[in-house]
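Asks: The structure that follows is given in the form of structure tokens.
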Amino acid sequence: MRLIERAANLDHLQSLLREAADGQGRLVLLEGEAGAGKSSLAAAFSRTVPAETRVLSGACENFGTAEPLGPWRDIARQARWTLTTISAGNWISLFSEVLDLLTADRQPTLLVIEDIHWADDATLNLIRYIGRRIRNTCLLAVLTARNDDTPGQTRLRRLLADIPPAHWLRIEVPPLSEAAVLELAQQKGLDGEAIFSATGGNAYFVSELVDAASRDRLPATIRDAVLARADTLSEAGREVLCAASTSPEAFAPDLIEAICGENTRTGLEACTACGLLVPAGDLFMFRHEIARQAIEQSLPPLRRRALNERALAYFRQCGDASVARMVHHANEAQDIDAILELAPKAAAEAGRLGAHRQAVRHYELALAHAADLDDARRACLYEGYAFECHLTGQMERAITAQTNALTLYRSLGDMRHVGDNMRWLSRLSYLAGDRKGADAFGRGAVEVLEQADAPAELAMGYSNLSQLGMLAGDAETATLYGERAIALVTTEDIARPEVLCHALNNVGTAICWREPERARQTLEEALAIALDHGFQEHAARAFTNRGWVEIQLHATAAAEDILARGIAYCIEHDLDTWRDYMRGELSELLTFLGRWDEAAAAAQSVVDNQNAPALSRYPSLVALAILKTRRGEPTGELLHEMEKFLANTFEFQRLSAHAALMAERAWLGLGDRNEALAGLRQASSLCSEDAAGSMIGFWTHILGETGLAADSTGGDAAVIAMLGGRWQEAADIWTDRRAPYFAALSLLDGDSDALYRALTALETLGATAVAAHVKEMIRKRSGRLATRGPRASTQANAAGLTTREMDVLRLIDQGRSNAEIGARLFVSSKTVDHHISSILAKLNARSRGQAAAEGRRLGLF
């Protein structure tokens, strides 16, 4: 059937390909309902590209659990690439290698990957990797996906959220109009209105109904339409079709021969001739997945099982078949022994490739059939399942699975594993927000392991206690147990680099106030070990802790850099828990820097994810509650969730942030002053000497108290200056740190001019509630609020540009488009247009380029 109503889509794709040929690559998502004609559109476009354009294609398959990097294996075979062997720790190198091959010699390249909604996590990670780097290449990547509301779509949305908006676009492939369906039906003398009513214009359904009806049959359903087409085949052809339906991806003729016997080539040719199968290089596949499902579901259960048994036997003999594919056939064949053998292997491979959700599903399949396994094997499965669940943020499932493993090891009397599982439950309890449970399991683990001959596990138990001490702000405990762990793995000849990495992480974070440079060096060593050995979680933790340390030390540029690297690492490795936690840290940092719109967007992305663990949500809750408080917006739900989380913890990191927020709210008249002071005292009681509690002193001073303030010889320089009455010095220090809000609050101790300067800064930030409070302070001090001229930031600018206009001009100077500027500043394109119009007027410029040049001439940058 000819392509219809797709001319506009083809024109758009051809223009994008021309842009790619000029070095402006793009990722394109062809999106529509199942059967909308996305594949047909992609195929038609592929046939129209210029001769010098290289065309590569692959497809994702609807396995119960997808094969990691499945479509990329197809592409590698098609392009005759010999890729690096995939093993632990080097798959990011593989991604870089694939990108280099796709962009070699600047040859215009069209890459088509179909049915991305079925993609495995490793495939999505590779697409994410390419998408973040595609803009300056000659590559046009076209992906097809369904637009239904499924888990696959949710994962796809998250992928696209991690790719810069200027690097990709969406092209909708709508259903056919009634006029188009009538035209197609009329060509065959059919009732077009009946077909449109039955199909809603779905291109696949229309195509199948029209083609089937042309043989004097009009099936009432698509299943009947597919089976009607299959009925035209000979018995041998139908045997081939049934055998092929067991394979959700492209298959070799050898597979069909192994299932059906010799001389299957004729049957394959007949299936291709009738349009149900299509060639895919040396392989074959169903033209439509819906057709495959229709054939498969029509099989009697025993026959379906037998066909899958033969397919599994074939792949076992092949030697190079993917484990995920064998698991699919084992499950369909109900071969329990094969499932228990293969599913754990498939889970391990998926986890190694960063496809952690696929690993979870493989473990779930194995555990569903594990009742007859011995306790040791079942316990091992539960441990693997718990680990993968915790990496994907499914903390309740992780704790349940780890508890099951602990129970089994206790029944076996295996005290080494009992202690190690208790240590893991300590970690999982902490991530779930249960600090009391974490401490109890942590102490219990060490008590058990000190009695067992398990030095490596004991070292990790010590390191876990070190981590709990560090998180509680207890540098002494963190250092004591961390050094015990380090001593065990370095003096007992234990080859456990992951334990050393973990302990270094704890010690480096704990000493950040006492020895900041040593802290940085220790954390860098921990990160290097993690990256060298492919310890994904340890690397994420090192990024997280290093970012937190730089924030505490007010090294804002270093903090922003390390968090950007860490978040990108977690996105590419499918580490949702750590990604969300670092996004919360980033939102806190952006709040400190006065970039409040960016901070709110980063925090909201985490708060909106109700599946994120409690610990991962907490930093974002803090940042969002602070911003809403300062802007005069409702915070009830955020505060309620924070207080619920704090009911199970007594850590300085968590309580100090909450205490500071409550103090700020009390200062603004939004809370009780005495309760706020009690919170500050509680946080201060948990604060070690090294931490100094500088911000506790800051907010105590804001509330008019002096008892909790840092002394004059220690603590933060800006706080010490403020407590000493040197308000301008304090404001200058905060300004040097790029912290406009704290600089403004420091000015509140100053004279009348200082108060007006503080008010201007607060209004510029958008701190509506705080500005109103400061106005009231001014009225109480002077009896009235004076009329003011332009904001100080505008007066100080040689061209009279506002702070936000300067942000826009800097991005214009970097060559950013309006869409990119809007994405960076979290504003709409319309708002960007307004800013640019104002900039052009103030600089007397006719174009963006002239505006940037004038900005450089005036020294505005």
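A short reminder: the numbers here are calculations on the coordinates, not readings from a lab. Source: prediction; values computed, not measured. In this analysis, Cβ positions are derived from the backbone assuming ideal geometry, glycine residues included, and neighbour counts consider all displayed protein chains.
Asks: May I ask for the net charge around Gly815, where only other residues with Cβ less than 13 Å from the Cβ of Gly815 are counted and Lys, Arg are +1 while Asp, Glu are -1?
Replies: Numbers: positive: Arg135, Arg810, Arg816, Arg824, Arg848; negative: Asp813, Glu820.
Once all neighbours under 13 Å are counted, the net charge is +3.
Asks: If I model a spin label at Ser411 and Asp337 as a point 7 Å from the Cα along the Cα→Cβ vector, what separation in nanometres do I get?
Replies: 2.4 nm
Asks: While we're on this one: To the nearest 20 debye, what is the magnitude of the charge dipole of segment 373-452 about its Cα centre, counting +1 on the Cβ of each Lys and Arg and -1 on the Cβ of each Asp and Glu?
Replies: With only Lys, Arg, Asp and Glu charged at Cβ, the dipole is about 140 debye.
Asks: If you don't mind, there's one more thing I want to ask. Which Cα, out of Ala601, Leu646, Ser207, lies furthest along the positive dipole direction of the chain (beta carbon charges, K/R +1, D/E -1)?
Replies: Of the listed residues, the answer is Ala601.
Asks: Also: Among Ala625, Gln394, Ala432, whose Cα projects farthest towards the positive end of the dipole of the chain, with charges put on the beta-carbon of Lys, Arg (+1) and Asp, Glu (-1)?
Replies: It is Ala625, whose Cα lies furthest towards the positive end.
Asks: Which of the peptides 231-237, 174-180 is most tightly packed, and how do the rest follow, going by the mean number of other Cβ atoms within 10 Å of each residue?
Replies: Values: 231-237: 14.4, 174-180: 16.9.
Ranked from most to least packed, the peptides come out as 174-180, 231-237.
Asks: Ordered by packing density, taken as the mean number of other Cβ atoms within 10 Å over each peptide's residues, highest first, how do 317-323, 432-438, 244-250 rank?
Replies: Values: 317-323: 13.4, 432-438: 19.9, 244-250: 24.4.
Going by the mean number of other Cβ atoms within 10 Å, highest first, we get 244-250, 432-438, 317-323.
Asks: Mind checking the full-extension length gain between Ala252 and Gln14? Use 0.36 nm per residue of separation minus the Cα-Cα distance, one decimal, nm. Each step should come with its number before you reach the end.
Replies: Values: separation 238, 0.36 × 238 = 85.68 nm, distance 3.32 nm.
Full extension from Ala252 to Gln14 adds 82.4 nm.
Asks: Remind me, relative contact order of segment 803-857 in percent, using alpha carbon pairs under 8 angstrom and six or more residues apart? Don't skip to the end; give the middle numbers.
Replies: Values: 43 pairs, mean separation 20.9, N = 55.
Answer for segment 803-857 is 38 percent.
Asks: While we're here: Counting helices only, and only those DSSP H runs with n ≥ 4, report the 222 nm mean residue ellipticity of the chain as the sum of -39,500 (n - 2.57) divided by its residues, in deg cm²/dmol to the nearest 500. It would help to have the intermediate numbers written out before the result.
Replies: Numbers: 45 runs with 568 residues, N = 861.
About -21000 deg cm²/dmol.
Asks: Tell me, what is the percent relative contact order of the chain, built from C-alpha pairs under 8 Å that lie six or more residues apart? Numbers along the way, then the final one.
Replies: Working: 1379 pairs, mean separation 61.7, N = 861.
Relative contact order of the chain: 7 percent.
Asks: In the neighborhood of Gly261, defined by Cβ-to-Cβ distances under 11 Å, what is the net charge if each Lys or Arg adds +1 and each Asp or Glu adds -1? Walk me through the numbers before you get to the answer.
Replies: Working: positive: Arg310; negative: Glu239, Glu257, Glu262.
Local net charge: -2.
Asks: Over all directions, what mean area does the Cα convex hull of segment 454-574 project, stated in square nanometres? Before the final figure, lay out the partial values.
Replies: Details: hull surface 28.1 nm².
For the Cα atoms of segment 454-574, the hull's average projected area reads 7.0 nm².
Asks: Using the Kirkwood radius built from alpha carbon pairs, what does the Stokes-Einstein equation give as D for segment 420-499 at 20 °C and 1.002 mPa s, in µm² per second?
Replies: This corresponds to a translational diffusion coefficient of 174 µm²/s.
Asks: Another question about this same structure. Packing-wise, with mean Cβ within 10 Å as the measure, how do 731-742, 108-119, 610-621 rank, highest first?
Replies: Values: 731-742: 19.5, 108-119: 23.1, 610-621: 21.5.
Ranking, from highest mean packing down: 108-119, 610-621, 731-742.
Asks: Still on this structure: If you add up the charges near Thr735, with Lys and Arg at +1 and Asp and Glu at -1, over every other residue whose beta carbon is less than 12 angstrom from its beta carbon, what do you get? Kindly include the intermediate steps, with their values, before the conclusion.
Replies: On the way: positive: Arg737, Arg738, Arg757; negative: Glu729, Asp732, Asp736.
That sum, taken over residues with Cβ under 12 Å, equals 0.
Asks: Can you tell me the relative contact order of segment 276-361? Whole percent, Cα pairs under 8 Å, sequence separation 6 or more.
Replies: Numbers: 65 pairs, mean separation 14.9, N = 86.
Relative contact order for segment 276-361 comes out at 17 percent.
Asks: How about Lys644: which lysines have a C-alpha closer than 21 Å to its C-alpha, ignoring those fewer than 8 places off in the same chain?
Replies: Straight-distance partners of Lys644: Lys436, Lys628.
Asks: If R0 is 35 Å, what FRET efficiency do you get for Ala79 and Gln814 from their C-beta distance, rounded to 0.05? The partial results should precede the final answer.
Replies: Numbers: r = 35 Å, r/R0 = 1.00.
Given R0 = 35 Å and the Cβ-Cβ separation, E is 0.50.
Asks: Choose one of Leu255, Leu302, Ala313: the residue whose Cα lies farthest towards the positive end of the charge dipole of the chain (beta-carbon charges +1 Lys, Arg; -1 Asp, Glu; about the Cα centre).
Replies: My answer, from the dipole projection, is Leu255.
Asks: Based only on the alpha carbon positions, what is the Kirkwood hydrodynamic radius of the chain, in angstrom?
Replies: Details: mean 1/r = 0.0326 Å⁻¹.
Evaluated on the chain, it is 30.7 Å.
Asks: If you don't mind, another one. Relative to the Cα centre, what is the charge dipole magnitude of the chain, using +1 at the beta carbon of each Lys and Arg, -1 at the beta carbon of each Asp and Glu, and rounding to the nearest 20 debye? Spell out each step's value before the answer.
Replies: On the way: 90 positive and 113 negative charges, 546 e Å.
The calculation lands at about 2620 debye.
Asks: Regarding segment 803-857, what is the average projected area of its C-alpha convex hull, in nm²?
Replies: Values: hull surface 13.0 nm².
Taking the Cα atoms of segment 803-857, their convex hull projects to 3.2 nm² on average.
Asks: Which aspartates and glutamates does Lys842 reach when only Cα atoms under 17 Å apart count, and residues fewer than 8 places away in its own chain are ignored?
Replies: Partners within reach: Glu805, Asp807, Asp813, Asp833, Glu854.
Asks: Provide the gained length on full extension for the span Ala7 to Arg846, in nm with one decimal, where the gain is 0.36 nm per separating residue minus the Cα-Cα distance.
Replies: 298.3 nm
Asks: How far apart, in nm, are two points set 7 Å out from the Cα along the Cα-to-Cβ line at Asp211 and at Ala161?
Replies: If labels sit at Asp211 and Ala161, their model points lie 3.9 nm apart.
Asks: Moving on. Take every DSSP beta bridge with both residues inside the chain and express the antiparallel ones as a percent of the total, to the nearest 5. Before the final figure, lay out each step's value.
Replies: Values: 5 of 28 bridges.
Given both bridge residues lie in the chain, the antiparallel proportion sits at roughly 20 percent.
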